[in-house]
1. Can you confirm whether Gly57 is farther than 23 Å from Tyr130 by Cα, more than 12 Å from the ligand (Cβ to nearest atom) and of a type in the set (Gly, Ala, Ser)?
2. Mind listing whichever residues of segment 74-101 are part of a loop (DSSP other than H, G, I, E, B), out of contact with any Ser or Thr (no Cβ under 7 Å at 6 or more places or on another chain) and within 14 Å of the ligand (Cβ to nearest atom)?
3. Which condition from (1) touching a residue at least 60 places away in the same chain (Cβ under 8 Å); (2) in contact with a Phe, Trp or Tyr (Cβ under 8 Å, 6 or more places away or on another chain) is the one that Glu84 breaks?
4. Would you call Val106 surrounded by 17 or more Cβ atoms within 10 Å (Cβ to Cβ), within 16 Å of the ligand (Cβ to nearest atom), within 23 Å of Thr10 (Cβ to Cβ) and β-branched (Val, Ile, Thr)?
5. For segment 44-56, what are the residues that are within 14 Å of the chain's Cα centre (by Cα) and over 18 Å from Val127 (Cα atoms)?
6. The conditions are (1) in contact with a strand residue (DSSP E or B) (Cβ under 8 Å, 6 or more places away or on another chain); (2) more than 16 Å from Tyr104 (Cβ to Cβ), and Gln66 fails exactly one of them. Which is it?
7. State all residues of segment 36-90 that are among the β-branched types (Val, Ile, Thr) and touching a Lys or Arg at 6+ places or on another chain (Cβ under 7 Å); if no residue qualifies, say none.
8. What about Glu2, is it modelled with pLDDT of 95 or more and of a type in the set (D, E, K, R)?
Amino acid sequence: MERYVICKVTEMQTGQRKIVQVGGRSIGVFNANGTYYALRNSCPHQGAPLCLGRVTGTTLSSQPGQYRYGREGEVLACPWHGWEFDVTTGKSLFDPQKCLVKTYDVAVEPVQDSVETYKVSVEEDVVVLYV
Ligand code: FES
C-alpha cells in the first residue's frame, strides 16, 4: 500500500475537500465533520467527476410520517445526474449494496522524519492517503 501525504491538517478544515492525482487515479479526500474520507473521483453511473459534486446532508426518517434533516456534510451528490453517495462509506443512498464508489484509507499522522533521526518537534499533523 502506497502512502501519500496530502496536506497539513490545517489546510483542510471541516467541510473542505481536496482532489488529488495519485497512482494514476483521481481521488477526492474529504473532511466530513472532522473525520477524513477518500473516494474515487468517478461516478459509477456514467463516470462523472463525482468528487466535484455538492456535499450536503439528507432527509432521515424518525418515525412514520416524520422526517428530519441530518448527516450534514456526509452526502455527496454527483454533479451530472445527482446520484447521492455516503462520503463515509462510498455507498449510494438509493442502493447501498449494489451501487458504491471505491473508498481509500485516510489517516492523520504526525509529521515524520524518514531517514536519519534527529530531535524533531511536531508542529502540525498531516493528512495521509493510503492507496
Ligand atoms: S454520472 Fe453520476 S449520476 Fe450520472
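The values are calculated or read from the model by the stated rules, or taken from the named source; none is laboratory data. What you see is a predicted model, and the numbers here were worked out from it, not measured in a lab. Neighbour counts run over all protein chains shown; Cβ positions are idealised from the backbone, glycine included.
1. In short, yes.
2. Selection gives Cys78, Pro79, Trp80, His81, Gly82, Phe94, Asp95, Val101.
3. The number of the failed condition is (1).
4. Against the criterion (surrounded by 17 or more Cβ atoms within 10 Å (Cβ to Cβ), within 16 Å of the ligand (Cβ to nearest atom), within 23 Å of Thr10 (Cβ to Cβ) and β-branched (Val, Ile, Thr)), Val106 does not qualify.
5. Selection gives Pro49, Leu50, Leu52, Gly53, Arg54, Val55, Thr56.
6. Result: Gln66 passes all but (1).
7. Thr58 - this is the single residue of segment 36-90 that is among the β-branched types (Val, Ile, Thr) and touching a Lys or Arg at 6+ places or on another chain (Cβ under 7 Å).
8. Spelling it out, it is not the case that Glu2 is modelled with pLDDT of 95 or more and of a type in the set (D, E, K, R).
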